[in-house]
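None of the figures in this text is laboratory data; all of them are computed from the coordinates on show. These figures come from a predicted structure and were not determined experimentally. Don't worry about glycine lacking a Cβ; one is built from the backbone with ideal geometry, like all the others, and counts go over all protein chains shown.
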Amino acid sequence: AYFRVTYRRCRNLEATMKAIKETNGSYTYSVGWIDCLGRGDRLGRSILMLGNDARPEDLPAKLRAQPFHVPRKRRKRVPIYFPDFALNRLTVSAFNRFYYIVHPDREVVVDYDTYFYPLDGIHDWNRIYGRRGFVQYQALFPQATAERGLRRVLETVARFGLASFLAVIKRSGPGNPSPLSYLFDGYTLALDIPNVGPRMLEMSQQLDKILLEEGGRLYLAKDSLMSSETFRGMYPRMEEFLAVKRSVDPENRFTSAHYEMGSVFKTFTLAAGLDTGRADMATRFDASQAYMVGNRRITDFHATNQWLTLEQVYLHSSNIGTSRLAIEMGPTVMKDYFRRLGLLDAAPLELRESARPVVPRQWDDSTLASLSFGYGIMITPAQAVAAMNALTNGGRYIPLSLRRGG
């Protein structure tokens with residue numbers, strides 16, 4: 001459960017790229033924090049965190065007896081949403097200087113949780129970005145243009161001054177043969193950009209332009225801003241994908257595909273709990289340890305190991321919290337709310353391809369737990385959209401309808 005991690009400071013982007021190339025292949029895990037507000041000779045300064053799996057003899061004496069056990073940590077919390085002006089060039093530059101200073105070159109032993117999920121040590125860290133939140137922007141540049149492209153991106157971010165204290169650089173390997181595969185041999189840069197409205201949109205458009213010019217692309221799973229023209233420019237094999245789709249799906253039935261929607265269903269479960277009065281935002285649920293439903297062990301992906309309010313259950317996407325709530329409400333209530341949200345019948349849409357969902361036959365406690373976080377039931381995207389609309393429309397379910405002309 002532990003890694004030997006080498007911290008290596010790099011004074012600018014040129015040094016960062018050189019160090020990544022030199023160490024590539026020597027470490028199983030590698031990631032770098034990068035100062036996205038540095039300028040001049042400090043542009044792109046970074047701290048590389050290079051890890052290999054630790055052997056028992058690498059561990060301190062107190063950890064050797066249980067090398068697979070990670071002690072529970074005392075986690076900090078951001079108690080309030082920061083005001084919009086809190087993240088600015090001055091405060092983030094000060095943080096970046098401090099972070100760079102307190103991470104000298106050294107080798108340490110750290111647990112996997114600390115290495116892979118550093119932000120999980122701070123509950124509600126997203127509040128630092130204020131109530132408007134942030135947009136994540138993950139760019140990928142090919143080897144040939146990576147240093148120039150990364151320099152242009154960092155210069156643009158520094159010029160706009162849209163502070164991102166969390167910026168991560170990684171080396172990427174080849175993707176798969178799919179026409180829409182994201183990866184290729186190159187470098188990725190992930191930025192968390194504060195949502196400040198028009199300036200954020202203007203900057204993201206300039207970053208998109210740089211990516212296109214340098215042969216790069218955006219990670220589709222995180223993007224929410226790129227235009228259709230930009231998408232086609234970044235994924236030139238789009239027509240190849242559409243040709244394959246037309247050959248195997250000439251009647252366009254692909255739109256009727258079912259999915260287990262996963263954590264999307266937590267919204268529906270919590271809405272039922274609130275509407276029935278079984279819970280309010282301050283109701284607390286025990287997520288301090290795994291939840292046993294018969295012989296089944298339900299855990300949280302990023303465990304907080306503590307009691308959570310209903311609000312925290314939602315913010316931390318707790319499987320344990322939603323399972324406890326669903327089982328408390330019981331099958332009759334859950335089935336009633338799912339039916340009223342249109343999740344148990346085909347979406348009433350003017351398409352013959354609108355398919356019926358795949359629903360469970362038994363609604364026992366284990367099934368209720370699965371349903372609460374979106375497994376054990378398969379629905380279409382159209383059903384999910386209609387159900388979400390009902391929640392944002394005062395609880396009124398309005399069937400979807402096609403509109404001529406868009």
Choice from 332, 283, 145 showing the highest fluctuation, given a GNM over the chain with Cα pairs closer than 10 Å | 332
Based solely on C-alpha atoms, express the radius of gyration and the Dmax of the chain in angstrom.
-> 23.9, 71
Any DSSP H helix in the chain with Cα axial reach of 20 Å or more and mean Kyte-Doolittle score of at least -0.5? Listed by number, the hits are 146-160, 198-213, 319-340
Provide the gained length on full extension for the span residue 274 to residue 131, in nm with one decimal, where the gain is 0.36 nm per separating residue minus the Cα-Cα distance.
-> 49.3 nm
On the first, second and third principal axes, largest extent first, how far apart are the outermost C-alpha atoms of segment 162-206 in Å?
-> 37, 22, 13
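At 0.36 nm per residue, and after removing the present C-alpha to C-alpha distance, how many nm does the segment from residue 403 to residue 332 gain when stretched out fully? Can you show the working numbers first?
Numbers: separation 71, 0.36 × 71 = 25.56 nm, distance 3.57 nm.
Full extension from residue 403 to residue 332 adds 22.0 nm.
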So if R0 is 25 Å, what FRET efficiency would residue 107 and residue 14 give, r being the distance between their Cβ atoms, rounded to the nearest 0.05?
-> 0.55
Distance in nm between label sites at residue 299 and residue 249, each 7 Å beyond Cα in the beta-carbon direction?
-> 3.5
Any chance you could get the radius of gyration and Dmax over the Cα atoms of segment 78-172, in Å?
-> 15.5, 45
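Arrange the peptides 236-248, 366-378 so that the one whose residues have, on average, the most other Cβ atoms within 10 Å appears first.
Working: 236-248: 11.8, 366-378: 22.0.
Highest mean packing first, the order is 366-378, 236-248.
So how do 129, 219, 137 line up by other beta-carbon neighbours within 10 Å, fewest first?
On the way: 129 24, 219 15, 137 27.
With the sparsest Cβ surroundings first, the list reads 219, 129, 137.
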Pull out the extension gain between residue 195 and residue 176, defined as 0.36 nm times the separation in residues minus the alpha carbon to alpha carbon distance; nm, one decimal.
-> 3.6 nm
Exposure proxy check on 160, 338: fewest-to-most Cβ neighbours within 10 Å is 160, 338
List the residues of segment 331-352 whose backbone N lies under 20 Å from a point placed 7 Å from the Cα of residue 362 along the Cα-to-Cβ direction.
-> 331-336
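Taking a 23 Å limit on the Cα-Cα distance, which of the listed pairs 170/222; 266/335; 18/222 fall beyond it?
Details: 170/222 16 Å; 266/335 15 Å; 18/222 28 Å.
Result: 18/222 exceed 23 Å.
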Using R₀ = 35 Å, calculate the FRET efficiency as 1/(1 + (r/R₀)^6) where r is the Cβ-Cβ separation of residue 221 and residue 58; round to 0.05.
-> 0.50
Helix-only CD estimate at 222 nm, as mean residue ellipticity for the chain, using -39500 (n - 2.57) per DSSP H run (n ≥ 4) = -10500 deg cm²/dmol
Highest average packing first - 162-174, 114-126, Cβ atoms within 10 Å | 162-174, 114-126
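Output the Kirkwood hydrodynamic radius of segment 1-153, Cα pairs only, in Å rounded to one decimal.
Evaluated on segment 1-153, it is 17.7 Å.
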Any lysines whose Cα falls less than 19 Å from that of residue 62, other than same-chain ones fewer than 8 residues away, would be 73
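How would you order 308-315, 22-29, 286-293 from highest to lowest mean count of nearby Cβ atoms within 10 Å? Walk me through the intermediate numbers first.
Numbers: 308-315: 19.6, 22-29: 12.1, 286-293: 15.5.
The most tightly packed comes first, giving 308-315, 286-293, 22-29.
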With all pairs of different alpha carbon atoms counted, what Kirkwood hydrodynamic radius in Å does segment 311-358 show?
-> 12.7
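Just the number: Rg to Rh for segment 278-406, Cα atoms, Kirkwood Rh, two decimals.
On the way: Rg = 16.4 Å, Rh = 16.0 Å.
Here the Rg-to-Rh quotient is 1.02.
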